[in-house]
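**Student:** Before we start, here is the structure in question, set down as structure tokens.
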Amino acid sequence: MRNIVKAIGIVTVLIFAAAGVVRKAGATPADNGSIMLVFKDGHRKSIDMSEVARIDFKTPVTIVFKDGHQQSVPAVDLSRIEFDSLSAGASAASRARFVGKWELGEGNGDNFYATLDADGEAHKSTGSSHGTWTVVGGEARISWDDGWHDAIRKVDGKYEKFAHEPGKSFDDTPQNVTAARNTQAKPI
């Protein structure tokens, strides 16, 4: 029975997000679209869903953040996980506009293709071909397995790709900014 409860919790977390930044223990899940880890000893950790690339449910549970750092959480110490379901629904709606195959500039005049899957997986035609993505603040943020990070955002009515080299965050100055075009754009 205990394994069934853990499995349901894991599936629920995967459905509701690839989550985020650990905040103060007094924060609530509704503060910014987050999940709250409640430990058996009573302490809590709020995780902002906009900053996490994925959560690996192995022993220990590992939260992989978009900036590349990781945090381990001992699963045996967890009592429950609380969700902000309104943010999850809004996030799913805003993700739909980014799903598909994108033509992106490399910054040297050449182009490559990146495919953003509905399940948060990303694939590209150059370099390390695998990554994950999510929507943060209305832009698609892609974290590639080779450490590069790309953001696709709408600027002055058109999409652009902002490339960040390994070791840099999405808040840093991008390495290059190029045009971005969804080759499979669908109406929202």
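**Student:** Could you sort 157-163, 68-74 so that the peptide with the highest average Cβ count within 10 Å comes first and the rest follow in order? Present the calculation step by step, with values, prior to reporting the outcome.
**Tutor:** Details: 157-163: 17.0, 68-74: 12.4.
Final packing ranking: 157-163, 68-74.
**Student:** First compute the accessible area of region 139-188 with a 1.4 Å probe, then give the percent of it belonging to carbon and sulfur atoms. Walk me through the numbers before you get to the answer.
**Tutor:** Working: 1340 of 2890 Å².
Using a 1.4 Å probe with all protein chains present, region 139-188 comes out at 47 percent carbon and sulfur.
**Student:** Which peptide among 113-121, 126-134, 141-149, 167-175 comes first, and what is the full order, when sorted by highest mean count of other Cβ atoms within 10 Å?
**Tutor:** Numbers: 113-121: 16.0, 126-134: 17.6, 141-149: 19.6, 167-175: 13.2.
Highest mean packing first, the order is 141-149, 126-134, 113-121, 167-175.
**Student:** Based on the Kirkwood radius over alpha-carbon pairs, what value in µm²/s does the Stokes-Einstein equation return for the translational diffusion coefficient of region 40-82 at 10 °C and 1.306 mPa s? Could the numbers behind the result be given before it?
**Tutor:** Working: Rh = 11.1 Å.
Rounded to a whole number, D works out at 143 µm²/s.
**Student:** Got a sec to turn the phi values of region 45-50 into Karplus ³J(HN,Hα) couplings, 6.51 cos²θ - 1.76 cosθ + 1.60 with θ = phi - 60°, whole Hz, x for Gly and Pro?
**Tutor:** The phi angles translate into 9, 8, 10, 6, 5, 7 Hz.
**Student:** Let's test the formula: R0 of 22 Å, r as the Cβ-Cβ distance of residue 59 and residue 145. What FRET efficiency results, to the nearest 0.05? Present the calculation step by step, with values, prior to reporting the outcome.
**Tutor:** Working: r = 22 Å, r/R0 = 1.02.
Once rounded, the FRET efficiency stands at 0.45.
**Student:** Read phi for every residue in region 65-81 and hand back ³J(HN,Hα) as whole Hz from Karplus 6.51 cos²θ - 1.76 cosθ + 1.60, θ = phi - 60°, with x for Gly and Pro.
**Tutor:** Each residue's phi maps through the Karplus curve to give 8, 4, 7, x, 6, 10, 9, 9, 10, x, 4, 5, 8, 7, 8, 6, 10 Hz.
**Student:** Continuing with this model, one more query. When ranked by the protection proxy of mean other Cβ atoms within 10 Å per residue, highest first, what sequence do the peptides 101-108, 43-50 form? Write out the running numbers ahead of the final one.
**Tutor:** Values: 101-108: 16.6, 43-50: 20.2.
The peptides rank, most packed first, as 43-50, 101-108.
**Student:** At 0.36 nm per residue, and after removing the present C-alpha to C-alpha distance, how many nm does the segment from residue 71 to residue 119 gain when stretched out fully? Numbers along the way, then the final one.
**Tutor:** Values: separation 48, 0.36 × 48 = 17.28 nm, distance 2.23 nm.
Contour length minus the Cα-Cα distance gives 15.1 nm.
**Student:** A further question on this structure: If I stretch the segment between residue 156 and residue 41 completely, what's the gain in nm (0.36 nm per residue apart, minus their alpha carbon distance), one decimal? Could the numbers behind the result be given before it?
**Tutor:** Numbers: separation 115, 0.36 × 115 = 41.40 nm, distance 4.99 nm.
Result for the pair: 36.4 nm of gain on full extension.
The values are calculated or read from the model by the stated rules, or taken from the named source; none is laboratory data. Please read all numbers here as calculations on a predicted model, not as lab measurements. Cβ sites come from the backbone with ideal geometry, for glycine too, and all protein chains shown count toward neighbours. To get the accessible areas, we keep the full protein, side chains included, count just its heavy atoms, and leave off ligands, DNA and RNA. Shrake-Rupley method; radii C 1.70, N 1.55, O 1.52, S 1.80 Å.
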